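All remarks here apply to the structure that follows.
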Amino acid sequence: MKIDEVPQDPGIIKDGRSEICYAVDKNGKYVLAGSKGWEPKNIANSQAWDVIDSKVQSTAQQVRKGKKSPLAFYMVLHQMDMGLLAKYAGISRWRVNRHLNPLIFNKLAPRILSRYADIFEISVDQLKKIPDQLSTLENAKAPK
Amino acid sequence: MISIDFEHRQAAHCESGVTSNLLNHHGVQISEALAFGAGAGLFFAYLPFVRVNGLPLTTYRCEVGGIFKRVTKGFGIRFHWLKFSSGQKAMEVLDEKLEAGIPVGCRTGGYWLPYMPSAFRFHFNMHNLVVIGKEGDDYIISDPVFPGLERCSRKYLMKARFAKGVMAPKGAMYYLTDVPKNIDYSSTVKKGIKIVCNRMLKSPGPLIGVRGIHYLSKKIRQWPKKLGREKTVLYTGQIIRMQEELGTGGAGFRFMYAAFLQEAAGILDDSRFFDLSKEMTDAGDLWRRFAIIGARIIKGRASDSDTYEKMSELVTSCAEKERQVYRSLLKLVR
């Protein structure tokens, strides 16, 4: 890659920070160059987010239909699977699986609920329901 | 408030960047590319049985921690490497070292670092950064993939250091303790090149090294028939992300390695490394063309010539190009 070919397509990084890449200058020597992003990379990245997003949406629907507990929603929102959530909560995978069932989830002790709530950094009350507006979730997810 | 006078230099990859910045702090002149090459960072493996978000893993660089390990060993530098079972303890020991004026490298997960752009907030546990100070509740962090110093609260740094899942960092931290005055660069550089060439040319099995690239090429051709359009597009995106995502310097580290070969030409006083650097740049450019076509297909913007067949051909030519480079390099470092 020549230095004038270093792509400057913003997309993934929105705050103007640039990343470093290696490119060849006029004399054939490698130099460091800043890049604001690259279109193919942006496309591949947003593809990954579309997959996460559609998972979040479909899980939200299942929760609304009463097929899954809100825990399932927060789990996929944080890009976790049962194995990862089990590790964060210190609860066995088998039990986490049961807690994804709304009937069992509704009977959970506050002690267990707060363990889950702490991982997602929400209150126990928030954990018991899912937000009405999913588009506001971007902010809810980012740590302060 | 603690603030260690630490030169933060932005890098393309976290581990080689941390290695070069830490060594530089202790008076060892080493660029990121040199750390990457001397630490034998370049690699390739296509591991369909290891799944990341349900998609096969492709890796373009060596095992985590390998670069730091090989550079320090080669240069005769001693370091302490600590792991913890308790988060409180891990933070206390970090504080002690900072108070003693020692910059500390930490392995972390990416998900809990608040300064990480939201688009990169995935659960990957192979991140490296250097903690260089503390102000109130905030730690001052030299994260080499970002242009300036970043800050992170105690709570989130602890969370990041104890991220769970595959390759969990378990609070791992490291700092240099003993740095020799005279360092022999050339033997470590040669050794690093030898390791990369041997791994790329002589690894057993079809999935690793140049053979792995050929294997990937074969698979790409089969994907559309075997997996159907939807899945093939996801698989393609995964390869591009692994190749181009933050911390790869683009082209799956090939350009960074080419930059290293130029430095090696100076250190070993042999212009043939410079010529091979050009060849490696060509390989990197081929990888980039592959990503361009792949992205067009993902987006549904493919022209008639943007096909999986074409992508497969490009990957084959990457493999052939790289094979030539490693063979010639191996002859030079023998």
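Just tell me how shielded B:160-167 is by partners: mean number of partner chain Cβ atoms within 10 Å of each residue's Cβ, no decimals.
Mean number of neighbouring Cβ atoms from other chains: 3.
Measure up B:Lys159/B:Lys299; B:Lys164/B:Lys231; A:Lys41/B:Lys331; A:Lys68/B:Lys231; A:Lys55/B:Lys159 against 30 Å on the Cα-Cα distance and list the ones that go over.
B:Lys159/B:Lys299; A:Lys41/B:Lys331
How far is helix B:254-267 tilted, in degrees, relative to the longest principal axis of the Cα atoms in chain B, given as a value from 0 to 90 rounded to the nearest 10?
70
Starting from the exponent 0.38 and prefactor 2.2 Å, build the expected Rg for segment B:48-179 from its residue count and divide its actual Cα Rg by it.
Values: Rg = 15.1 Å, N = 132, 2.2 N^0.38 = 14.1 Å.
Here the answer is 1.08, to two decimals.
Starting from the exponent 0.38 and prefactor 2.2 Å, build the expected Rg for segment B:249-291 from its residue count and divide its actual Cα Rg by it.
Expressed relative to 2.2 N^0.38 Å, the Cα Rg reads 1.16.
Mind pulling the per residue volume of the convex hull built on the Cα atoms of segment B:8-106? Å³ is fine.
Convex hull volume per residue, Cα atoms: 137 Å³.
What angle do you read, to the nearest 10 degrees and between 0 and 90, between the alpha-carbon axis of helix B:308-333 and the longest principal axis of chain B?
Once rounded, the angle reads 60 degrees.
At what distance in nm do the modelled label points of B:Lys226 and B:Asp5 sit from each other, each positioned 7 Å from its Cα along Cα→Cβ?
That separation, rounded to one decimal, is 5.8 nm.
What share of all Cα pairs of segment B:257-316, in percent, falls into each consecutive 5 Å distance bin?
Percent of pairs per bin, in order: 4, 19, 21, 13, 11, 10, 10, 7, 4, 1.
Determine the total buried accessible area between chain B and chain A, counting protein heavy atoms only with a 1.4 Å probe; round to the nearest 100 Å².
Interface area, both chains combined: 4100 Å², rounded to the nearest 100.
Over segment A:49-134, one equal point on each Cα, no solvent: what is log10 I(q)/I(0) by the Debye formula at q = 0.11 Å⁻¹?
Per q value, in the given order, log10 I(q)/I(0) is -0.25.
Please report, as a whole percent, how much of the solvent-accessible surface of segment B:255-334 comes from carbon and sulfur atoms (probe radius 1.4 Å).
44
Roughly how many debye, to the nearest 20, is the charge dipole of segment B:51-184 about its Cα centre, given +1 on each Lys and Arg Cβ, -1 on each Asp and Glu Cβ, and no other charges? Kindly include the intermediate steps, with their values, before the conclusion.
Details: 20 positive and 12 negative charges, 117 e Å.
In total the dipole reaches around 560 debye.
Taking +1 at the Cβ of each Lys and Arg and -1 at the Cβ of each Asp and Glu, which of B:Trp81, B:Gly209, B:Phe146 sits farthest along the dipole of chain B towards its positive end, judged by Cα position relative to the Cα centre?
So the residue we want is B:Gly209.
Expressed as a whole number of Å, what is the distance separating the alpha-carbon centroids of segment A:67-125 and segment A:1-59?
Between the Cα centre of segment A:1-59 and that of segment A:67-125, the gap is 35 Å.
May I ask you to give the solvent-accessible area per residue for the protein assembly as shown, in square angstrom, as obtained with a 1.4 angstrom probe?
44
Please work out whether chain A counts as rounded, prolate or oblate from its C-alpha gyration tensor, where a ≥ b ≥ c are the square roots of the eigenvalues and a/c under 1.5 means rounded, while otherwise a/b larger than b/c means prolate and anything else oblate?
It comes out prolate by the Cα gyration axes.
I need the calculated FRET efficiency for the pair A:Lys55 and B:Asp184, taking r as the beta carbon distance and R₀ as 41 Å, to the nearest 0.05.
So, using R0 = 41 Å, E works out to roughly 0.20.
Averaging sequence separations of C-alpha pairs under 8 Å and six or more residues apart, then dividing by the length of chain B, give the relative contact order as a whole percent.
The value is 21 percent.
Using a Förster distance of 41 angstrom, determine the FRET efficiency expected from the C-beta separation of A:Arg64 and B:Lys170, and round it to 0.05.
Details: r = 38 Å, r/R0 = 0.94.
Here the calculated transfer efficiency is 0.60.
When Cβ neighbours within 10 Å are restricted to other protein chains, what is their mean count per residue of peptide B:117-128?
Taking the mean over all residues of the peptide, I get 4.
Lys and Arg at +1, Asp and Glu at -1: add these up for the other residues within a Cβ distance under 10 Å of B:Arg154 and post the number. Before the final figure, lay out the partial values.
Details: positive: B:Lys134, B:Lys155, B:Lys159; negative: B:Asp95, B:Asp137, B:Asp138.
Net charge around B:Arg154: 0.
Take chain B, connect every pair of alpha-carbon atoms lying under 10 Å apart with a spring to form a Gaussian network, then pick out the residue of B:Asn53, B:Asn198, B:Asn24 with the largest mean-square fluctuation.
B:Asn53
Tell me the angle of helix B:66-75 to the major Cα principal axis of chain B, expressed in degrees between 0 and 90 and rounded to the nearest ten.
60
Would you kindly work out the equivalent ellipsoid of the protein assembly as shown from its C-alpha gyration tensor and give its semi-axes, the square roots of five times the eigenvalues, largest first in whole Å?
The equivalent ellipsoid of the protein assembly as shown has semi-axes of 38, 30, 19 Å.
Could you work out the mean projected area of the convex hull around the alpha carbons of chain B, in square nanometres to one decimal?
Over every viewing direction, the Cα hull of chain B projects on average to 16.9 nm².
Counting only other chains, what is the mean number of Cβ atoms within 10 angstrom of the Cβ of each residue in peptide B:234-246? Mind showing how you got there, number by number?
Working: counts 4, 0, 2, 9, 3, 1, 7, 5, 1, 3, 8, 6, 6.
Rounded to a whole number, the mean comes out at 4.
Using the basic label-point model (7 angstrom from Cα toward the beta carbon), what is the B:Leu332 to B:Glu313 distance in nanometres?
The two pseudo-label positions are separated by 3.0 nm.
Rounded to the nearest 0.05, what FRET efficiency do B:Ser86 and B:Asp137 have when you use their Cβ-Cβ distance and R0 = 22 Å?
0.70
Report the antiparallel proportion of the DSSP beta bridges in the protein assembly as shown as a percent, rounded to a multiple of 5.
Numbers: 36 of 38 bridges.
The answer is about 95 percent antiparallel.
Loop-only check: which trypsin sites (Lys or Arg not before Pro) in segment B:149-243 are DSSP coil with at most 11 other Cβ within 10 angstrom?
The qualifying sites are B:Lys181.
The values are calculated or read from the model by the stated rules, or taken from the named source; none is laboratory data. Computed from a predicted structure; not experimentally measured. Note: ideal-geometry Cβ built from the backbone for every residue, glycine included; neighbour counts use all protein chains shown. Calculation scope for accessible area: heavy atoms of the full protein, side chains included, ligands and nucleic acids excluded. Shrake-Rupley method; radii C 1.70, N 1.55, O 1.52, S 1.80 Å.
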